[in-house]
Amino acid sequence: MSGTPERVLAKGNEALAFGAVDAGCVCYFGYPITPQNEVPEALSTLLPERGGRFVQAESEVGAINMLLGAGACGIPSMTSSSSCGISLMQEGISYMAGSHVPGVIVNMSRGGPGLGDIGPSQGDYFQATKGGGHGDHRNLVLAPSTAQECYDFMFKAFALAFKYANPVMVLGDAVIAQVKEPVRRTPPPGALSREELDALCSPWRIEGYGARPNGSPRLLKSVYLAEGALAARNELLMKKYQEMRKEASFETEAVEDAELVVVAFGSMARILRSTLRHLRAEGHKVGLLRPKTLYPFPDEAFRDLAPGRRFLVVEQNAGQMVEDVRLAVNGAAKVDWHGVMPCIFATAGDLARPVLLALKGA
Amino acid sequence: MNAPTAEDLRPREGEELVFDTNPVLNERVTHYCPGCHHGIAHRLVSEVLNELGVAPRTILVAAVGCATFTYDYFNVDSVEAPHGRACAVATGVRRARPEAVVFTYQGDGDMAAIGTGESIHAANRGERITAVFVNNTVYGMTGGQMAPTTLLGQKTTTTVQGRNMGNEGGPIRFCELLAQLDGVAYAARCALDTVKHVREAKRALRKAFEVQIDGLGFGFVEFLSGCPTNWHMDPIAANKRIAEVMIPAFPLGVFKDRSKGGEAKDA
Amino acid sequence: MPEYTDVIIAGFGGQGVMLIGNLLAQAGMEHGLEVSFLPVYGVEMRGGTANCTVVLDTSPIGSPLVREPKSTIILNEPSLDKFQPRLAASGVQVVNASLIPKERLDPARTTVYLPVNDIAHSLGNVKMANMVALGAWVKATGMLPLKAVQDALERVVNVHYAKMIPVNAKALEAGYDFSG
């Protein structure tokens, strides 16, 4: 870390670590994997300095279940990993969701399937947004596209995790993880203090019954075997997911008079921003819609923009977010798709051609 | 027949109370099978927590197996862990709440098969937690399949000809395995088949909690326990099997003791 | 001064490619610009070459990656093979004359060709070749003042090498002042 007091130059991974400690994270549990190793490396120093705890787990399976334990205690905690490691965590994430346990899971994704490659990929969109693990559950998913957002979104992630007692995933990729940019270390609007996080979890956290005046024991669990019990539990979860819908967020650029709205998230969105500015300067009517939350998905933004426009989804995978866009648009506009394969370093210039093709309706 | 209520069990006139409940163990009808030793193990855990006076700051991490619902019996804060992950969940609880007393209660499949990695590494880190390990050489909840501790020659629903060294390997002696790790402060194996053994088990269990409370490291106690249902025996014969078949294969004793004045003695 | 430029810096591992990339990004930030620095990781790195991309802009940066860079700093021959054909038509390349024969240069390109190793050696330490090259780049692009880069050394150079800062500043200056 280096810089003036105002802005520091930090990698996305380092910004995530700064954001975590500034947002009040107390415990970190994780297993090394590229391209997110700067997250645990930074936190192994930052957390103990602030009285927090850092544990290098024996595996991602161990890490996510440590997070379950710390989250159940209502202590702001996190883990971080990348794609294949997140696959291993899905069991624990499902239990967290089923038990109403908060926790922040950073996924700086890499190319797959299998061992794949360590370069940028958005192939984890499904794994992040569709529950990922077994059973009927959802995680809130935030997709930063700059190092500054890596910092800011950690505050948002902890606030949402505690507000909904639910796992929150911060989804980036190798570009977001490794790009070094100026970051301002000031809490963004909506950040919650440690006291506010405590207040949110005090009705349910486990702590030893002696900590409470009435002294009746608490239990956090996901097993419901009695007739109708799981149905009632899942209706409760469904209601929670319904409430989460209001957290959907996105940003647009130059969509007002756009004939074509390009839809992208994370690293692809920022690369396309350069492409579209260039095309705009040449007189092409193109705009950008960037979902900042991937779950909940900003459906309404698409409904509002659909009349008189077409959409082009650009993502670094074989076609994942495009399904959500098509559901949101629901036939009200044409939706095209362009995929960049994993671990290809696409540049602004590379993406101009597919945008122009879609604009011409080819 | 309705189950007796707590009221039914109070001493009437002329009766003397010789055995009482304790506030850590809830008064409820057991869901365990007749002759199952989980009841004894639960009773011992509740007595130790009660005598140490730590129940108000105790957190139980429940595992998956016959004892999934162990939290229904203990009057303490609890969290459920996925199958095998109790020691990892307990690590998270421990790091989040340094002042708490944290214990897991796990069967042989949970601790020594699916959760081997989590168990060994929590022990090796010297997590200040206590793991109560119930070894009955069989998967009880799923209906009698082979466990990592199933003895050679023992018939289960997945080893109908008996466990075979060439195909399944031998039974894992988990206590010995953990005892060699530097993070383990106490490791003992006891049996729940006789009054004498039960009393020894309670002393060992107390030590396994004391090393945690004293900040010495990981406390571990293994209980050789009966499963009459899946052994297809009556409870008396099951106790006899523990004495005659299990103890020779799983020697009793304290394999590690770092407590004040404590010294490991081999069985 | 220009509103935007980008540069790919490439060389052998150990030539200090990442250090001058970081230095340039830090200096740009301190000079009030938007900056991004992206190191290239992966198998390429194990092959012995390393490269990074730095973007400097007066408005927020979109893509931190560039296919056709507006400038390059090329410290070894394999890097010239890779990036000379990609240099933007109007671009400028700073090329290490100490390790790359002149006949390898594409005459259609604008090139600043200087022996950065030899210049650094004459200043007392060949390890400062990267600084010489960066100084030449600052002169060639005019994106920010030399002093901004020299001032940023303090934040980028490891505290253990703090005593090397003045001589590094000199190496930057030597590159800046070089006239072939």
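The set of residues from the stretch A:174-206 being in contact with a helix residue (DSSP H, G or I) (Cβ under 8 Å, 6 or more places away or on another chain), within 14 Å of chain B (Cβ to nearest Cβ) and not in a helix (DSSP H, G or I) comprises A:Arg205, A:Ile206. Considered as a group, the residues in the stretch B:87-116 that are open to solvent by 10 Å² or more (accessible area, probe 1.4 Å) and either among the aliphatic types (A, V, I, L, M) or touching a Gly at 6+ places or on another chain (Cβ under 7 Å) (or both) include one that is nearest to B:Gln212 (Cα to Cα), and that residue is B:Gly107.
Which of the residues belonging to the stretch B:27-71 are in contact with a Leu (Cβ under 9 Å, 6 or more places away or on another chain), of a type in the set (D, E, K, R) and at pLDDT 95 or above? B:Arg43, B:Glu47, listed by residue number. Would you check if there is a residue in the stretch B:186-194 being free of Cβ contacts under 8 Å to residues at least 24 places away in the same chain and of a type in the set (A, V, I, L, M, F, W, C)? Scanning the stretch B:186-194 turns up no residue that is free of Cβ contacts under 8 Å to residues at least 24 places away in the same chain and of a type in the set (A, V, I, L, M, F, W, C). Only one of these is open to solvent by 60 Å² or more (accessible area, probe 1.4 Å), among the acidic types (Asp, Glu) and in contact with a Gly (Cβ under 9 Å, 6 or more places away or on another chain): A:Asp257, A:Asp173, A:Asp198. Name it. Answer to the selection: A:Asp257. Number of residues in the stretch A:69-89 that are in contact with a strand residue (DSSP E or B) (Cβ under 7 Å, 6 or more places away or on another chain) and either within 7 Å of chain B (Cβ to nearest Cβ) or among the basic types (Lys, Arg) (or both): the value is 5.
The criterion of being assigned to a strand (DSSP E or B), surrounded by 24 or more Cβ atoms within 10 Å (Cβ to Cβ) and at negative phi holds for C:Ser36. Can you tell me which residue in the stretch B:1-16 is surrounded by the most Cβ atoms within 10 Å (Cβ to Cβ), limited to those that are within 30 Å of B:Ala237 (Cα to Cα) and among the hydrophobic types (A, V, I, L, M, F, W, C)? So, considering only residues that are within 30 Å of B:Ala237 (Cα to Cα) and among the hydrophobic types (A, V, I, L, M, F, W, C), the one surrounded by the most Cβ atoms within 10 Å (Cβ to Cβ) is B:Leu9. Scanning the stretch B:25-80 for residues that are on the phi > 0 side of the Ramachandran plot and crowded, with 18+ Cβ neighbours inside 10 Å yields B:Gly35, B:Gly65. Checked against (1) within 14 Å of chain B (Cβ to nearest Cβ); (2) more than 21 Å from the chain's Cα centre (by Cα), A:Arg7 passes all but condition (1). Looking at the structure I just gave you, is B:Gly166 open to solvent by 10 Å² or more (accessible area, probe 1.4 Å), among the small types (Gly, Ala, Ser), at the interface with chain A (Cβ under 8 Å from one of its Cβ atoms) and without any contact (Cβ under 8 Å) to a residue 60 or more places away in the chain? Judged against the criteria, B:Gly166 is not a match.
Checking the conditions here, which among C:Val149, C:Val156, C:Val132, C:Val112 is farther than 17 Å from C:Leu23 by Cα and either open to solvent by less than 60 Å² (accessible area, probe 1.4 Å) or of a type outside the set (Ser, Thr, Tyr) (or both)?
C:Val112
Of the residues making up the stretch A:138-156, those that are under 30 Å from A:Ala231 (Cβ atoms) and buried (at least 24 other Cβ atoms within 10 Å of the Cβ) are A:Asn139, A:Leu140, A:Val141. In this structure, B:Arg189 does satisfy being part of a strand (DSSP E or B) and among the basic types (Lys, Arg). Of the set (1) within 16 Å of B:Phe255 (Cβ to Cβ); (2) in contact (Cβ under 8 Å) with a residue 24 or more places away in the chain, all apply to B:Arg203 but (2). Only a single item in (1) open to solvent by 50 Å² or more (accessible area, probe 1.4 Å); (2) not assigned by TED's automatic domain parsing to the domain that holds A:Ala23 is not met by A:Pro189, and it is number (2). Counting the residues of the stretch A:156-167 that are in a helix (DSSP H, G or I) and within 12 Å of the chain's Cα centre (by Cα) gives 5.
The values are calculated or read from the model by the stated rules, or taken from the named source; none is laboratory data. What you are looking at is a predicted structure, and each value in this text was computed from that prediction instead of being measured. A quick note on method: Cβ atoms are made from the backbone with ideal geometry, for glycine too, and the neighbour counts reach across all protein chains shown. Only protein heavy atoms, including side chains, enter the accessible area calculation; ligands, DNA and RNA are left aside. Shrake-Rupley method; radii C 1.70, N 1.55, O 1.52, S 1.80 Å.
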